[in-house]
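Structure first, commentary second.
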Amino acid sequence: MPRGTYLHLDDDLEERFQCAPGPGGWRYVGERSDGLRTDLVVDARWRQIRVEIRTGDLWLRGGFSGTGLAWVRGADDDAAEHGERAAGFLGDSPGFLVAVARALRLADGQHTGLRLVHVGGPALAALTVGRSWRRAATDEHATDTGPLLVERYEVTDRDTAETHVVHLAGDVVLDAPGIELTSLESPPNRA
């Protein structure tokens, strides 16, 4: 079960995380040094079936429901329900990048576009965004424990045409915009 630390470069925040496959999917739990906590559970097809993001008194809980996402966002006892036709959530936590990439099941050279609900900021604001994902290549790197396959994804914002590169090894983000993997206590799980 991989455990480690990501550094959020823009805010100089650490996120301690652990992730593991389970009998019916995969789970990621991360907690940042500012108190934001992410708990993400996916099913065997990598659909985000349970998402909880919590910061201070604010929280968002949701997941895949039929043909889209449903979620409740609130503070204490005050909450509002929302829904959107989207493939999944995106958030500040690298766990969301893993979940989206794995759900797409792209081979090298393949690409697709999709709608996602991005949750971010201190208010946990939810905004529907369009992204194009392209799996550009897979490289093999020699390690002490055997070969490590690293997948390179090019993720393009459909509104701005800005493209960023994300590197994944199994269920761990090795590199992404604004994210640096600073420690890893065990090898990634093969996803």
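The values are calculated or read from the model by the stated rules, or taken from the named source; none is laboratory data. Treat the numbers as computed from the prediction; the structure is a model and nothing was measured. Counting neighbours? That spans all protein chains shown, and the Cβs are built from the backbone with ideal geometry, glycine included. Just the protein is used for accessible areas: all its heavy atoms, side chains included, with ligands, DNA and RNA removed. Shrake-Rupley method; radii C 1.70, N 1.55, O 1.52, S 1.80 Å.
Listing for the model above:
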| read-out | value |
| --- | --- |
| Rounded tilt (10° steps) of 95-104 against the dominant C-alpha axis of the chain | 70 degrees |
| Positive minus negative residues near G74 (Lys, Arg vs Asp, Glu; Cβ under 13 Å) | -3 |
| The chain: most fluctuating residue of P94, P21, P147 per GNM, C-alpha cutoff 10 Å | P147 |
| Length-normalised contact order of the chain in % [C-alpha pairs under 8 Å, at least 6 apart] | 18 percent |
| Relative contact order (%) - the range 1-81, alpha-carbon pairs under 8 angstrom, separation at least six | 15 percent |
| Computed Rg/Rh of the range 132-184, alpha carbon atoms with Kirkwood Rh | 1.04 |
| Normalised contact order of the range 96-155, rounded percent, pairs of Cα under 8 Å and 6 or more residues apart | 28 percent |
| Most to least packed among 121-129, 30-38 [average Cβ atoms within 10 Å] | 30-38, 121-129 |
| For the range 1-130, the Rg and Dmax computed from alpha carbons only, in angstrom | 14.4, 47 |
| Fraction of antiparallel bridges per DSSP, the chain only, in percent to nearest 5 | 95 percent |
| With every protein chain in place, the chain: carbon and sulfur % of accessible area (1.4 Å) | 47 percent |
| Residue-averaged 222 nm ellipticity for the chain, from DSSP H runs of 4+ at -39500 (n - 2.57), nearest 500 | -1500 deg cm²/dmol |
| Probe 1.4 Å, accessible area per residue of the chain, Å² | 51 Å² |
